[in-house]
1. Which residue is surrounded by the fewest Cβ atoms within 10 Å (Cβ to Cβ), if the candidates are limited to the range 139-149 and must be under 20 Å from the mean Cα position of the chain (by Cα) and at pLDDT below 90?
2. Looking at the range 8-24, is at least one residue free of Cβ contacts under 8 Å to residues at least 40 places away in the same chain, buried (at least 17 other Cβ atoms within 10 Å of the Cβ) and in contact with a Ser or Thr (Cβ under 6 Å, 6 or more places away or on another chain)?
3. Looking only at the range 48-69, decide whether some residue is in contact with a Pro (Cβ under 9 Å, 6 or more places away or on another chain) and hydroxyl-bearing (Ser, Thr, Tyr).
4. Just to be sure, is SER130 exposed (fewer than 12 other Cβ atoms within 10 Å of the Cβ), in contact (Cβ under 8 Å) with a residue 24 or more places away in the chain and touching a helix residue (DSSP H, G or I) at 6+ places or on another chain (Cβ under 8 Å)?
Amino acid sequence: VITLSHDPYFLKLLWDGCPANDVKALQMSKAGNTTVIGEWDIEAETQSSYLRDYSTLLDFYRERRGDPRLVARAIRPFLEGMLRSHFPGHFQPNEWLGEFIGKIRSADPSSGLNLAQADLSEIEAINEYSKKYHHAQNPNAYSEPINSDELHAYVKRTLRLVGGE
C-alpha cells in the first residue's frame, strides 16, 4: 500500500499503526527541475515544537551540535512550553516569557504558580540572556554575537529546570 498525503499527522497515525519492519516513510522533494524520493524522518517531522526545542538544546549541550543562533533562539520557547505544561491554565496563548515571569513574581501563596517562585531568579537570568536573540526584544538579534561557551552554560541552566541535563 502506498499512501500519499500533505498531512504529516495523518501519516504519523498510519505509521504508528504499522509494525516497524513493514513500513517505510518517504518524501518527495524538489531538486532543481526534478523531484527526488528519499527517506523521511516522520518522528522528527511530527514532534511537538516543545520536544523539537528540547532536542535542539540537548544536542547542543551534549555534543555542541547545531547552529548556535538557532540554539539560542530555542531557549525562550522551550521555557514557555515547560511553564505552560507545568502550570496549565495560568498563561494565555498570546503571552510570552516576560509576562510569565510577572505572573510568577506576583503569585499569591494559594496559587499553583507560587511553586515556580523557587526558580524565578534562574528563569529571569535565562530570559535576560536569551531575549537578545529575539527580534521583538532586540532589532539586532540576527547579528548579536554568540559566545559558544556562554551559550552552553545557559543551555545547561535551562535543561536543569526540567531535570533534563
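1. Among those residues, the one meeting the criterion is TYR142.
2. yes
3. yes
4. Answer is no for this residue.
The values are calculated or read from the model by the stated rules, or taken from the named source; none is laboratory data. Because the structure is a prediction, the values reported are computed rather than measured. Positions of Cβ are generated from backbone atoms using ideal geometry, with glycine treated the same way; all protein chains shown enter the neighbour counts.
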